[in-house]
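Heads up, the thing below is written out as structure tokens.
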Amino acid sequence: KYPPSIDICGTQYPTDEVTNITPAIISKIPIRLHTQPAHPLSNLRSLIESHWPDFAHLSSFSPLVTPFKNFDELSFPKDHPGRSVTDSYYINKDLMLRTHTSAHEVEVFREGQSKWLLTADVYRRDEIDASHYPVFHQVEGAKLYESNSTGMKQLEQDNLRLEQYLAKSNIVIEDVANVSETNPVQERHDAVQAEMVARNLKLELNSLILTLFGGAREGAEGEEPLRVRWIEAYFPFTSPSFEVEVFFRGKWLEILGCGVIRQATLDTAGVQNKIGWAFGLGLERIAMILYSIPDIRLFWSTDPRFLSQFKEGEISTFKSYSKYPSCFKDVSFWLPENSGFHENDFCDLVRDVAGDLVEDIDAFVHPKTKRGSLCYRINYCSMDRSLSNEETNEIHKTVVSRLTNEFGVEIR
Ligand code: PHE
């Protein structure tokens, strides 16, 4: 299926048995939406950067990383599902597209940075719908304190200052996520220090959330107050760990993961006598809430009706322009036995043929049949023009024929 080598942004890379990166994905790599002036994702990055003016602001790291950097260096176990070819994009077995900005933690700490933000594009194989896209953007942030008495005095002062600041605000924060048996302080940490660091992490992120959502909601009369909640989480490279969710349109949306950095990560980076926290936040989810952007594909639109609505340094409400009609096409097929078929393979195939013309894919499975029979409904819809039935038919035909050729399925 792949030639011996593939071109990514002007460089040739050898392929092998794990190669699964597609042309549709490769074409996204040079775009770097988070650095395009006035783009909502770039505006949001700037807003977050100005919330922490004394942090280093980094945004030019290549998305091609070794699995070692993306996983091993961060203590991911060898059998972690994120490593599988169904979940991540591989150029070959030694090179992949980063699945999170945490992949750069060790190298940034090794450079000697102790307060930093890093913004980048990240890649995960996933289903297709209005809030999932295989390329999205994260901001990683971290802060380290000296674990001596000077450092701890500083930490205490910072916590007091942030507590006073937050006491004056009127954001509703639910926090039931505490250090516990299932979310422990690390063995190598002093419990008092670790709890102070976790406290600092929560205060810093709550004040960021206030900066991001507080302003946008001023004058939004009659609206429900913004609700934020902290819940216990697990990451291999932090402990204790937390997730933050925001209540939006009747649902809790996860916007970030964070925690107290595992000492092993700092050891690897050659950092001594320091303790600190890190977080990783998804820009798209937050931008969709702040700007009222209804569909994650819109971020990739080059339509002036989209782009002209945004100005550098401003958060404004997006006004939806009329949606073009959808065209639904079904495809049902039998799977050959032991096909190893994975839904993400199907989504990548459709995305490769139809690009952003597919809005979402619905799956109907028939578990009663003996052989695996699958049925998908593909919603074809352009964001900037009306698709003709002929064009949609052509695209769908290509999907069906590639499905037959590449997966050996039998169309019903
Ligand atoms: N990298 C994690 C993710 O993408 C988020 C995270 C970052 C968690 C830093 C803890 C610390 O889900």
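Among the hydroxyl-bearing types (Ser, Thr, Tyr), out of contact with any strand residue (DSSP E or B) (no Cβ under 9 Å at 6 or more places or on another chain) and assigned by TED's automatic domain parsing to the domain that holds residue 119: is that true of residue 50 in this structure? It is true that residue 50 is among the hydroxyl-bearing types (Ser, Thr, Tyr), out of contact with any strand residue (DSSP E or B) (no Cβ under 9 Å at 6 or more places or on another chain) and assigned by TED's automatic domain parsing to the domain that holds residue 119.
Residue-wise test of (1) modelled with pLDDT under 90; (2) within 20 Å of residue 260 (Cα to Cα); (3) of a type in the set (A, V, I, L, M); (4) in a loop (DSSP other than H, G, I, E, B).
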{"residue": "163", "(1), (2), (3), (4)": "no, yes, no, no"}
{"residue": "166", "(1), (2), (3), (4)": "yes, no, yes, no"}
{"residue": "185", "(1), (2), (3), (4)": "no, yes, yes, yes"}
{"residue": "194", "(1), (2), (3), (4)": "no, yes, yes, no"}
{"residue": "198", "(1), (2), (3), (4)": "no, yes, yes, no"}
{"residue": "201", "(1), (2), (3), (4)": "no, yes, yes, no"}
{"residue": "204", "(1), (2), (3), (4)": "no, yes, no, no"}
{"residue": "208", "(1), (2), (3), (4)": "no, yes, yes, no"}
{"residue": "215", "(1), (2), (3), (4)": "yes, no, no, no"}
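Look at residue 261 and say whether it is within 23 Å of the chain's Cα centre (by Cα) and modelled with pLDDT under 95. It is false that residue 261 is within 23 Å of the chain's Cα centre (by Cα) and modelled with pLDDT under 95. A Cβ distance below 9 Å, combined with a sequence gap of six or more or placement on separate chains, defines the contacts here; from the stretch 101-130, residues that are more than 30 Å from residue 356 (Cβ to Cβ) reach no residue that is open to solvent by 50 Å² or more (accessible area, probe 1.4 Å) and within 11 Å of the ligand (Cβ to nearest atom). So, residue 88, is that one within 15 Å of the ligand (Cβ to nearest atom) and either in a strand (DSSP E or B) or small (Gly, Ala, Ser) (or both) or not? In short, yes. In this structure, is residue 244 buried (at least 16 other Cβ atoms within 10 Å of the Cβ), touching a residue at least 60 places away in the same chain (Cβ under 8 Å) and in a strand (DSSP E or B)? Considered against the rule, which asks whether it is buried (at least 16 other Cβ atoms within 10 Å of the Cβ), touching a residue at least 60 places away in the same chain (Cβ under 8 Å) and in a strand (DSSP E or B), residue 244 comes out as no. Taken over the stretch 239-292, residues that are out of contact with any Lys or Arg (no Cβ under 9 Å at 6 or more places or on another chain), within 12 Å of the ligand (Cβ to nearest atom) and polar (S, T, N, Q) amount to 2. Residue 152 satisfies every condition listed in (1) more than 19 Å from residue 232 (Cα to Cα); (2) open to solvent by 70 Å² or more (accessible area, probe 1.4 Å) except (2).
Counting only residues that are open to solvent by 10 Å² or more (accessible area, probe 1.4 Å) and in contact with a Cys (Cβ under 9 Å, 6 or more places away or on another chain), which one in the stretch 227-238 is nearest to the ligand (Cβ to nearest atom)? Filtering first and then ranking leaves 235. Of the residues making up the stretch 308-348, those that are more than 24 Å from residue 25 (Cβ to Cβ), modelled with pLDDT of 90 or more, surrounded by 14 or more Cβ atoms within 10 Å (Cβ to Cβ) and within 26 Å of the chain's Cα centre (by Cα) are 309, 310, 318. Taking residues in the stretch 33-55 that are more than 20 Å from residue 309 (Cβ to Cβ) and open to solvent by 50 Å² or more (accessible area, probe 1.4 Å), and partners anywhere that are in a loop (DSSP other than H, G, I, E, B) and modelled with pLDDT under 95, the pairs with Cβ atoms closer than 9 Å and at least 6 places apart or on different chains are 50/313. Once the stretch 101-136 is narrowed to residues that are within 12 Å of the ligand (Cβ to nearest atom) and of a type in the set (Gly, Ala, Ser), the residue that is farthest from the chain's Cα centre (by Cα) is 103.
Of everything in the stretch 296-307 that is open to solvent by less than 60 Å² (accessible area, probe 1.4 Å) and in a loop (DSSP other than H, G, I, E, B), the residue that is nearest to residue 193 (Cα to Cα) is 301.
Annotation note: Cβ proximity below 7 Å between a residue of the stretch 294-317 that is closer than 16 Å to residue 212 by Cα and a residue that is open to solvent by 80 Å² or more (accessible area, probe 1.4 Å) and modelled with pLDDT of 90 or more (sequence gap 6+ or interchain) occurs for 312/37. Candidates 14, 77, 81: the one that is open to solvent by 10 Å² or more (accessible area, probe 1.4 Å) and free of Cβ contacts under 8 Å to residues at least 40 places away in the same chain is 81. Among the residues of the stretch 265-295, the ones that are under 21 Å from residue 48 (Cα atoms), modelled with pLDDT under 95 and either open to solvent by 10 Å² or more (accessible area, probe 1.4 Å) or assigned to a loop (DSSP other than H, G, I, E, B) (or both) come to 6 in all.
The values are calculated or read from the model by the stated rules, or taken from the named source; none is laboratory data. Here the structure is a predicted model, which means the values were calculated and not measured. Counting neighbours? That spans all protein chains shown, and the Cβs are built from the backbone with ideal geometry, glycine included. With ligands, DNA and RNA removed, areas are computed over all heavy atoms of the protein, side chains included. Shrake-Rupley method; radii C 1.70, N 1.55, O 1.52, S 1.80 Å.
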